2 protein chains.
Amino acid sequence: MSRFRGKFVYTIDSKGRVNIPFKFRKVLSPGANETFVVSRAPNDCLRAYPKDAWDSYEDELASRPQTPETLQLHRLLGNTLSESTLDKQGRIKLDAEQIAIAGLVKSITLIGYTGYIEIWSTERFNEYIDKADDFDKVFFQSVEAGLRAK
Amino acid sequence: MSRFRGKFVYTIDSKGRVNIPFKFRKVLSPGANETFVVSRAPNDCLRAYPKDAWDSYEDELASRPQTPETLQLHRLLGNTLSESTLDKQGRIKLDAEQIAIAGLVKSITLIGYTGYIEIWSTERFNEYIDKADDFDKVFFQSVEAGLRAK
DNA sequence: TTTAATCGTGGGTAATTGTGGATAAGGAGA
DNA sequence: TCTCCTTATCCACAATTACCCACGATTAAA
């Protein structure tokens with residue numbers, strides 16, 4: 001599994017190209033074939049999954065019972081989904097609809113999570129963090145949740 | 001597991017480099033590959049985990065269902081997370097945001113706990129200790145909490 | 001007390017990475 | 001078939017980073 005970690009602030013150019021941090025490219029699993037699947041994620045941001053990881057996620061989605069809600073999710077996801085392969089400079093390309101949804105203008109923030117990368121407008125991401133609960137509070141809540149799960 | 005122990009007072013330089021005490025490097029597990037993951041911790045300090053130890057923690061986090069609360073935790077953590085490998089002199093590099101949050105200026109205090117290292121501004125750390133409750137009281141409260149958790 | 005080795009600190013240099021633009025290739029429509 | 005538009009590949013610059021070397025202080029040994 002690719003272990004993406006850390007935050008990087010980059011720039012999106014006029015052609016919709018976004019650089020993938022070198023550290024992320026380095027840990028990208030070979031099975032992904034240098035290709036990412038970009039989808040929409042909660043709070044109006046985008047996620048880039050390594051192609052092979054997306055395949056698994058897709059299988060999990062397909063296995064859920066087709067309730068009206070799940071069906072709607074499938075359709076909403078499909079609406080803004082794209083596949084993009086790294087160019088020689090290590091960038092992927094986002095399409096116009098994705099750029100609009102995430103409100104990407106110039107400054108982009110990329111954050112690595114274990115299996116995927118989130119792509120945010122820097123402005124919106126900072127707003128999200130500012131509005132979020134106090135770090136210490138969330139930290140201790142999480143510790144409790146971890147204990148309860150045992 | 002790496003058993004970090006003791007307190008060390010060092011200096012952060014203009015490039016954001018912080019020396020890791022020789023004693024800590026000596027006990028660093030080989031699985032960490034000379035690499036630390038630096039994250040934010042309660043009371044505006046930083047923590048450095050050996051890479052392999054962080055991997056396990058991350059797996060546990062990633063396995064939680066993505067509720068809005070969990071997602072918020074992921075993002076708060078990811079916001080100030082970085083990975084850094086020891087240079088030839090045995091130092092790691094902190095980024096500007098981490099330095100700002102922890103208020104690191106010159107004098108740094110590193111304290112080893114069993115599985116991680118905490119990085120504090122020396123000034124803030126001393127204040128924290130001064131303001132802390134009576135040692136004996138805190139000692140017995142923690143013992144009780146340990147009993148309740150079982 | 002002197003000497004030697006080890007560890008922490010600071011700075012200079014060279015390679016790498018991110019970014020923008022130019023050129024070539026491919027496809028659609030007339 | 002030709003032209004225009006879109007997409008992808010290539011090239012070049014500049015800022016940043018990481019690597020390397022050297023000094024000094026502290027500790028250990030003789």
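Residues in the stretch B:67-89 that are near DNA strand D (Cβ under 10 Å from one of its atoms) and more than 8 Å from chain A (Cβ to nearest Cβ): B:S84, B:T85, B:L86, B:D87, B:K88, B:Q89.
Within the stretch B:67-99, being loosely packed, with under 12 Cβ neighbours inside 10 Å and part of a helix (DSSP H, G or I) holds for B:P68, B:A96.
Count, please, the residues in the stretch A:42-53 that happen to be within 17 Å of B:Q66 (Cα to Cα) and touching a strand residue (DSSP E or B) at 6+ places or on another chain (Cβ under 7 Å). Walk me through it before giving the result.
At the first step, the residues of the stretch A:42-53 found to be within 17 Å of B:Q66 (Cα to Cα) are A:42-49, A:53.
Narrowing the set further to residues that are touching a strand residue (DSSP E or B) at 6+ places or on another chain (Cβ under 7 Å) leaves A:45-49.
Within the stretch A:42-53, residues that are within 17 Å of B:Q66 (Cα to Cα) and touching a strand residue (DSSP E or B) at 6+ places or on another chain (Cβ under 7 Å) number 5.
Among the conditions (1) small (G, A, S); (2) more than 9 Å from every other protein chain (Cβ to nearest Cβ); (3) in contact with a strand residue (DSSP E or B) (Cβ under 6 Å, 6 or more places away or on another chain); (4) open to solvent by 10 Å² or more (accessible area, probe 1.4 Å), the only one that B:S56 does not satisfy is (3).
Answer yes or no: is there a residue in the stretch B:2-11 that is away from DNA strand D (no atom under 15 Å from the Cβ) and within 13 Å of another protein chain (Cβ to nearest Cβ).
Initially, the stretch B:2-11 is screened for residues away from DNA strand D (no atom under 15 Å from the Cβ), giving B:2-5.
Filter once more, keeping what is within 13 Å of another protein chain (Cβ to nearest Cβ): none.
No: the stretch B:2-11 contains no residue that is away from DNA strand D (no atom under 15 Å from the Cβ) and within 13 Å of another protein chain (Cβ to nearest Cβ).
Which members of the stretch B:3-42 meet the condition of being more than 16 Å from DNA strand C (Cβ to nearest atom) and either open to solvent by 10 Å² or more (accessible area, probe 1.4 Å) or of a type in the set (S, T, N, Q) (or both)? Result: B:R3, B:S29, B:P30, B:G31, B:N33, B:S39, B:R40, B:P42.
Out of all the residues in the stretch B:112-139, which are surrounded by 19 or more Cβ atoms within 10 Å (Cβ to Cβ) and within 12 Å of the chain's Cα centre (by Cα)?
Step one: of the stretch B:112-139, the residues surrounded by 19 or more Cβ atoms within 10 Å (Cβ to Cβ) are B:112, B:116-121, B:125.
Listed by number, the residues that qualify are B:G112, B:Y116, B:I117, B:E118, B:I119, B:W120.
In the stretch A:33-49, what residues are more than 15 Å from the chain's Cα centre (by Cα) and away from DNA strand D (no atom under 11 Å from the Cβ)? Of everything in the stretch A:33-49, just one residue is more than 15 Å from the chain's Cα centre (by Cα) and away from DNA strand D (no atom under 11 Å from the Cβ), namely A:N33.
Residues in the stretch B:47-59 that are more than 16 Å from DNA strand C (Cβ to nearest atom) and in a strand (DSSP E or B): B:R47, B:Y49, B:P50. Can you say whether B:R64 is in contact with a Ser or Thr (Cβ under 6 Å, 6 or more places away or on another chain) and crowded, with 17+ Cβ neighbours inside 10 Å, as far as the supplied structure shows? For B:R64, the condition - in contact with a Ser or Thr (Cβ under 6 Å, 6 or more places away or on another chain) and crowded, with 17+ Cβ neighbours inside 10 Å - is not met.
The values are calculated or read from the model by the stated rules, or taken from the named source; none is laboratory data. In this text the structure is predicted, and so the values were computed from the model without any measurement. Don't worry about glycine lacking a Cβ; one is built from the backbone with ideal geometry, like all the others, and counts go over all protein chains shown. Heads up: the accessible areas ignore ligands, DNA and RNA and are worked out on the full protein's heavy atoms, side chains in. Shrake-Rupley method; radii C 1.70, N 1.55, O 1.52, S 1.80 Å.
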